[in-house]
Amino acid sequence: MAKPVYTLLFLLTLFHSVHLSHQLQPSQSNALREIQQLLNHPSVLSSFDNTWDFCNIEPTPSLTVVCYEDNVTQLHVIGNNGVPPLPQNFSIDAFFASLVSLSNLKVLSLVSLGLWGPLPGSIGKLSSLEILNVSSNYITGFIPVELSYLRNLQTLFLDHNKFTGQVPGWLSSLHALTVLSLKDNSLFGTLPIAIARLENLRILSIANNHLFGEVPDLQKLTNLQVLDLENNYFGPHFPALHNKVVTLVLRNNSFMFGIPAELGSYYELRKLDISLNGFVGPFLPSLFALPSINYMDVSANKLTGRLFQNMSCNDELAFVNLSSNLLTGDLPACLQPTIKSRAVMYASNCLSDEEQEQHPSNFCHNEALAVKVLPRKLKYKRHDAKAVLASSIVGGIAGIAVIGSLSFLVIQRRNNRVAGKTLSTRLIMEKVSTINTVKLLSDARYISETMKLGANLPAYRVFTLEELKEATNNFTSSSIIGEGSHGQVYKGKLADGTLVAIRSLKMRKKHSSQTYTHHIEMVSKLRHSHLVSALGHCFEYCTVDSSVSIIYLVFEFVPNGTLRGCISEGLPGQRLKWTQRIAAAIGVAKGIQFLHAGILPGVFSNNLKITDVLLDLNLLVKISSYNLPLLAENGGMGGAGVSLPGLKANVRGRENHKDKDDVYDIGVILVEILVGRPIMSQNDVMVVKDILQVSNKMDDTARRSIVDPTIVKQCSAESLKTVMEICLRCLSDEAGDRPSVEDVLWTLQFAAQLQDPWRLDSNHIHHLNVSSLEKM
C-alpha cells in the first residue's frame, strides 16, 4: 500500500512538543481538526492532541500554516496527485464548510489532493481571500458564481480539473485579479468580452480547453505579460494586445489571417509560439531581432517571404522553429548551426540551405498563390457543415446552438490544419525545480516560473550512456520489463527521480548518427499529453568505426494500468464512472488526431487496442502503442510501433482510408467502454455491434439494458445515445462510411456536455439567471 501523503496527515509528526505562542480562536482550531478528520486516515485520529499549536508548525513543501495574532491567514496543503485516494465518504461540501470557519484566510492552496465534486458555493464566504489555488484535482461542474464575492482576490488557479461550462463574464467584477489560470479543463464557448475589463491582469492562461471564436480586444490590458491560449479553437484573427506582452502562446488554434506588423514593436516579448495554425502572408524577419526575444516557434503555418543571410538576430535567441512554411531565400547567418547555443529548425520550406529537407522553390510559389482564396473557401465549408450537423443530430433550440458552434470549430480546424512537421522540441527548457508555494505566489518574479509549471513533459533531450546505465543499474536483467525483436525494454529511474522506460534498438547495419537524424527528429515531435511520449534518445557507438550500434529511446513511464483494467477487469466499485469513460475516450481520440495531423507524414494504422491505452495517476489516458518508423531489415528505418513495456513491429497497409483503421479501433474501445466487459475477438465485436444497432433504434430502456450495470444509472439518455451512435459509425464495414477522427472527437465532447451542463438543476438555473443579469 502506498505511503499516505496527504499533508494534513503530517500533523502527526509535525505538531509535537510545541509550546503555544498563538492562541487560535476555538472555531479555527476546531475547523483545522475537522479538516484533518476529512482528509486523514481514521487510524491516526486517536493520536490527535488538543494542546498542539497549529501556528508554530515548521513549513514543509507539503504543509504550511501561517497565522497572524489569533487567526489563520494562509493554508497550503500539497498532496501527491490524490495518492492515496480520499475516503469514499469524503464530502467536498463538508470540507469547504470547515474551511469557511477560517474567516481571515488570505491564501488558500489545495493542490493535488484528489478533491472531487463541484466546487461548493460556500467558497464565497472567505471574503478576505487574496490567493486561491485548487489546481490538479478532479473538481467538476461550473465555476461557481460565488467566487465573484471574493472582491480581494488577486490570484486564481483552477488548472488541471474537470470544470465545464463557459468562462464566466462575472470574472470582470474581480477588479484586483492579476493572475487567472484555467488551463487543462473542459471549458467551452467563447471568451467573454468582460475579460478585457480586468485592468490589473498580468497572466491569462486558458490553454487546453474547448474555447473558440475571436479573442476579445485586450489592448487596454496594459499590465498583461503572459497570454496562453494553446490548444483551443480561437481565431481567425490575431489577438489585439498591448505591446508589453512577455509571453504569447497561440499554438494549435484556428488563427488563419496575417501576422500584424505591430508584432514587430513588442519589445518586451521573450517567447512567441504561433505554431499549428493557418497564418498566411509575409513572415516578419524583424521578429528575429526583437530586443528580448529568446524563443520563437512559427512552424506549421503558411507564412511566406524571402530570407537573407545578412538578417540580424538577438544574441539571446536560443530556439527558432520555422518548419513547414513557405519561406524562400537563404537561412540567415545568425541562424546557422555554428552557434551551438541556438537550436534552429527550418525543414519543409523552400530555402537554399538543404541541411534540413526542403521543398523545391516552385512548391512555395504555388502554395502561396493558393492560400489567397483560402478564407472564402473555408467560410463556405463551415456554413454548410454547420447547417447539416445542426439539423441532423439534435432537436431543440439549445442543442442546435451548441452543435452549430462546435461544428464551426471542427470544420474550421479540419480545413485549417496545416500539413507539416509541427511539434517544436523544447531543447532549451530549464529544469523545473520544487517551488515554495508561499514564495511563488507572493513574489513578483513568479510569472516565468508559473508558466514552467504547466509543462507536462520535460524537454526532449539527448541522454548520455552513463545516465542510462545509472538509471538501469548498468542495464541489469532485473530492470528488463519487456522484450522486442531488436532489443529489450528497461525500467529506469533518472537522477531526478523520474521513472522512464528505455527501449534499446540494436542496429543490424552500421551507419553514422547523421543517418538517423531525420528519424530521431520525428521521434522528438511525437509528444502529446495523450501519448506515451519520448523524452529523449542516446546513441551507443561501435568502438571500431564509430558507427551507431544501439539506439536507446527514452519514454515516460506510465504505471497505473490499462483502460481495460479500469473498466472491465476491476471490482465494480473501482471502475471508471460514465463521465470518466467519456473523458478517456476523448483522450484516445485526441491522441489519434495528433498522430494523424501532428507531423508530416502522419502516423496512421496504429492497430490500437484498449490494452494499449494506459492511465496515469490523474486518470489521464496515454496511448502506448503507435506506428513509428524506426527499424528495417536493412539496418535503416522501417516500421515499429512504440509500445510500453515493449515495442511491437506491426505496420498495417497504408491504403486510401488509412486514417479510418484507427477510427474502427476507437469504435472497438467504445464498445468495451459501453458494455463493461472485455472484447477479445472480432466475433465479439460483431455480436455486440448487432445488439447495439437493435437497441439504439428502440427506446432508452433498451439502450440501458446492454450497458455496464455499474454506470447504467450515471449516464443521461442523450449522452448515452450519442456515444452509441458514434460507436456504430466507427464500426461501419465500409471504411469510407466511418467518421473522421475530428468528427469522433467532436461527438464525444458533445456527449460529455450533454451529460452535465445542460441539465436544468438548481445550479444551472442560478448560472442562467446570473448570465441574464450580465447581459442586461
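Determine whether VAL741 is of a type in the set (A, V, I, L, M), under 21 Å from GLY565 (Cα atoms) and surrounded by 19 or more Cβ atoms within 10 Å (Cβ to Cβ). For VAL741, the condition - of a type in the set (A, V, I, L, M), under 21 Å from GLY565 (Cα atoms) and surrounded by 19 or more Cβ atoms within 10 Å (Cβ to Cβ) - is not met.
Selection within segment 509-547: residues that are crowded, with 16+ Cβ neighbours inside 10 Å and hydroxyl-bearing (Ser, Thr, Tyr). The member of this set that is modelled with the lowest pLDDT is THR515. Just to be sure before I move on: is LEU191 more than 23 Å from the chain's Cα centre (by Cα), modelled with pLDDT under 95, part of a loop (DSSP other than H, G, I, E, B) and surrounded by 23 or more Cβ atoms within 10 Å (Cβ to Cβ) in the structure I sent? So LEU191 does not fit the description; no.
In this structure, does VAL489 turn out to be closer than 27 Å to ALA585 by Cα and not in a helix (DSSP H, G or I)? When the stated conditions are applied, VAL489 does not pass them. Looking at GLY736, is it assigned to a helix (DSSP H, G or I), in the same structural domain as THR579 (by TED's automatic domain parsing) and at pLDDT below 90? Answer is yes for this residue.
Of the strands (runs of 3 or more DSSP E) contained entirely in segment 267-342, those carrying at least 2 residues that are under 19 Å from ARG251 (Cα atoms) and within 25 Å of the chain's Cα centre (by Cα) fall at 271-273, 295-297, 319-321. Would you be able to say whether some residue in segment 129-138 is free of Cβ contacts under 8 Å to residues at least 40 places away in the same chain and within 18 Å of the chain's Cα centre (by Cα)? Scanning segment 129-138, I find at least one residue that is free of Cβ contacts under 8 Å to residues at least 40 places away in the same chain and within 18 Å of the chain's Cα centre (by Cα), so the answer is yes. Per this entry, LEU276 is counted among residues that are closer than 19 Å to GLU521 by Cα and either basic (Lys, Arg) or not assigned by TED's automatic domain parsing to the domain that holds HIS519 (or both). Sub-6 Å Cβ pairs linking a first residue in segment 143-172 that is under 17 Å from VAL107 (Cα atoms) to a second residue that is hydroxyl-bearing (Ser, Thr, Tyr), at least 6 apart or interchain, are SER148/SER173; GLN154/THR178; PHE157/SER135; PHE157/SER181; ASP159/SER135; ASP159/SER181, ordered by first then second residue. Screening ALA471 against (1) touching a Ser or Thr at 6+ places or on another chain (Cβ under 9 Å); (2) closer than 30 Å to ILE586 by Cα; (3) buried (at least 18 other Cβ atoms within 10 Å of the Cβ) leaves a single unmet condition, (2).
If you go through segment 695-731 and keep only what is free of Cβ contacts under 8 Å to residues at least 60 places away in the same chain, surrounded by 15 or more Cβ atoms within 10 Å (Cβ to Cβ) and not in a helix (DSSP H, G or I), you end up with ILE706, VAL707, VAL712, SER716.
Criterion applied to LYS506, LYS491, LYS469 was being at pLDDT 90 or above and more than 23 Å from ASN560 (Cβ to Cβ), and the one residue passing it is LYS469.
Of note, ALA589 satisfies the criterion of being crowded, with 20+ Cβ neighbours inside 10 Å and assigned by TED's automatic domain parsing to the domain that holds LEU748.
The values are calculated or read from the model by the stated rules, or taken from the named source; none is laboratory data. It should be emphasised that the depicted structure is a prediction, and the values quoted were computed from it without experimental measurement. Glycine gets a Cβ as well: all are built from the backbone with ideal geometry, and neighbour counts include every protein chain shown.
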